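First comes the structure, then the notes that go with it.
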Amino acid sequence: MMSRRCSLAITLLLILASIAGQAAETLTRGNQLSIDVAGDGRVVMDLAGDLWVVPQSGGDATRLTTGLSSAQRPRWSPDGLRVAYTAITDQKQGIWVHDTNDGKTRYLSQDARFDLHPTWHPGGQRLTYASDRTGRGFNLWEVDLSTGLHWRLSSRPGDETEPAWSADGRHLVYIHNAGDKWSLILRRHGEPEEVLVTGSERLSGPSWRPDGSLVTFWRESTTTTALDMVILSQPRLIRRYMDGEDFVRTPVSWLDKHRMLYTADGVIRQRLFNAWSSRSVPFRATLETTPDVVVEKRRRALPRRGEPDGEIVIHAARLFDGIGGGYQRDRDILIAGGRITAVEAHAERPGQIVIDMGDLAVLPGFVDVHARLPDTADERSGPLLLASGVTTLVADHPEAEHLNAVWSGKDLPGPRLLPASDWPVAAYASLADSMTPGLEALRNSRPARLIGFDGLVARRFTEPQTIDAGATTVVLGSRPNGLPAGIALHAELRALVAASLRPDQALRAAGVNSAATLGVDPTLGRVATGAVADLVFVDGDPLVDIDAALNVVAVVRNGRFFSVAGLIDRAQAQANVE
């Protein structure tokens, strides 16, 4: 099966990286474009995380939304006045409806579960969508826009997704996936459901021809993606319609029964139903660089506070410096105050304090560029978070300044806490959900028990995500996965490796890449001269098995050494005092 790119944060991250630092950028192509055509021929598309409208014949694209950063799969209402789409915004993932008349946006999803694939009922007052609100797989749901009432339409084992209504609003098709089996299901009004197509090849993007005579859908094999169609005659006929292009597997959009639009090779294409070729619908979208959509590329000074006097030396039998792909052997890390002054070959150092932790792997402290720190987090939370190896958090908290001051000291040490309002990051990867491998082991780990994570994890994707293994700009931020800080970062590390990154690439996402995004590179995320003395000692080989990154035995934070046992004792002692 062709590798599937992460359609949310990763795609956006690569787009933003290409336009950062420029006054404006005119795009004529897009990565994973999804489009829909209104009855008057206007095309709405998702590009660079926002929604744009393109005239029927092509030309300058008009921006419909600004600063969403994650809008996907837009769908016109039957009257062409509203657009439904999915997005993560205001810390909420789900389905939104944008009114083009007044510019107002309405949030339709009800809870923290993952909702996707909104489609309008032809009557214009209901939306059908897929949701995993039960936590046991995606079902089809519907919402009445006037009352806000939601109800479930399907409940098969596995996942039911990508609903599509016939033009008369009487019949529904959708995709069903159970294990390795994919099916296209037809639900005719008042009749039992019918399996139109089934097999091991992935199916997606069903769409009705306006006259109801056939349904098109994408079929993906190990070698190609093609648009097939089911002709709804008796008997049913399945025919290949087109292949040979780099298609985006979202539903084709019909202007009428003769003209369809789809996206391939980064552009919008229009094709007559009985034609052998298609033509491009060119567009020009001008992106202005504003703080809403572009990471500001400037060096920032990392606050220095609570740094100790004196010097220590860490002997690292195995050192991952956060930059290279393997270990450096038998290195000494010289630390004065809160900074690394040198990284040298191991030597006898009489008169100096040398800490030798045997064969433990030494890594840079983990950095989370956007974490969820509950308002209930207090001073004693710091040592428990630090015990997970997280030494820098970007998060909002009403007592952020106070906690950062306390956690920078020696009595109740914790991560460096940078307020998200002062250290915003426009784009980062967040892939962990209930399908992430190793999540149950993470839930039962000692750090999870200490931090207090015992809840359910939401499902956020229809299937495990993949990232191009050559990606070098991935940045880790854990807030969207909904887990508490510390545990959330380790869930993301596991998800990144499950998405085809090597363990060293995942560690760089929580290290030098995060530091660069925050503008504090080379201060954080590496073990090098001049860097902050934040280190993690791990039992195991995290460059082979990312799960080992959770086996934290000790940390150096701000130039001070702490064993995990000592951190736990500090937190428990503070709890007893209170």
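The values are calculated or read from the model by the stated rules, or taken from the named source; none is laboratory data. Because the structure is predicted, anything quoted here is derived from the model rather than measured. A quick note on method: Cβ atoms are made from the backbone with ideal geometry, for glycine too, and the neighbour counts reach across all protein chains shown.
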_Take the residues in region 113-140 that are modelled with pLDDT of 95 or more and aromatic (Phe, Trp, Tyr); name whichever of them is farthest from the chain's Cα centre (by Cα)._
TRP120
*Would you check which residues across region 406-431 are under 20 Å from LEU384 (Cβ atoms), in a loop (DSSP other than H, G, I, E, B) and touching an Asp or Glu at 6+ places or on another chain (Cβ under 6 Å) and list them?*
LEU412
*Only one of VAL475, VAL532, VAL497 that is without any contact (Cβ under 8 Å) to a residue 60 or more places away in the chain and either of a type in the set (A, V, I, L, M, F, W, C) or within 21 Å of ASP422 (Cα to Cα) (or both)*: VAL497
*Looking at region 253-273, which of its residues are farther than 26 Å from GLU201 by Cα and either outside any strand (DSSP E or B) or at pLDDT below 95 (or both)?*
LEU255, ASP256, LYS257, HIS258
*Quick one: SER277 ticks every box in (1) farther than 18 Å from GLY58 by Cβ; (2) of a type outside the set (A, V, I, L, M); (3) assigned to a loop (DSSP other than H, G, I, E, B) bar one, so which box is it?*
(1)
_Boolean, ARG42 is in contact (Cβ under 8 Å) with a residue 40 or more places away in the chain, surrounded by 14 or more Cβ atoms within 10 Å (Cβ to Cβ) and basic (Lys, Arg)_ = no
*Counting only residues that are modelled with pLDDT of 95 or more and of a type in the set (Val, Ile, Thr), give me the strands (runs of 3 or more DSSP E) lying completely in region 153-252 with at least 2 of them.*
172-178, 194-199, 214-220, 225-231
*At least 3 residues that are at pLDDT 90 or above and within 25 Å of the chain's Cα centre (by Cα) in each: list the strands (runs of 3 or more DSSP E) lying fully within region 1-81 that qualify.*
43-47, 50-54, 72-76
_Take residues that are small (Gly, Ala, Ser) and under 35 Å from the mean Cα position of the chain (by Cα) and tell me which of the strands (runs of 3 or more DSSP E) falling wholly in region 299-357 contain 1 or more._
311-319
*asked:* Here's a check for you: in region 82-103, which residue that is within 21 Å of HIS121 (Cα to Cα) and assigned to a loop (DSSP other than H, G, I, E, B) is nearest to the chain's Cα centre (by Cα)?
replied: THR100
_Subset of region 509-528 (residues that are among the acidic types (Asp, Glu) and closer than 11 Å to VAL425 by Cα)_ = none
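A quick yes/no check of all residues on (1) in the same structural domain as TYR129 (by TED's automatic domain parsing); (2) surrounded by fewer than 24 Cβ atoms within 10 Å (Cβ to Cβ); (3) modelled with pLDDT of 85 or more; (4) within 30 Å of ILE355 (Cα to Cα):
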{"residue": "ALA469", "(1), (2), (3), (4)": "no, yes, no, no"}
{"residue": "SER478", "(1), (2), (3), (4)": "no, no, yes, no"}
{"residue": "ALA509", "(1), (2), (3), (4)": "no, no, yes, yes"}
{"residue": "ALA548", "(1), (2), (3), (4)": "no, yes, yes, yes"}
*Scan PHE320, PHE247 and give me the residue that is assigned by TED's automatic domain parsing to the domain that holds ASN177 and not charged (D, E, K, R).*
PHE247
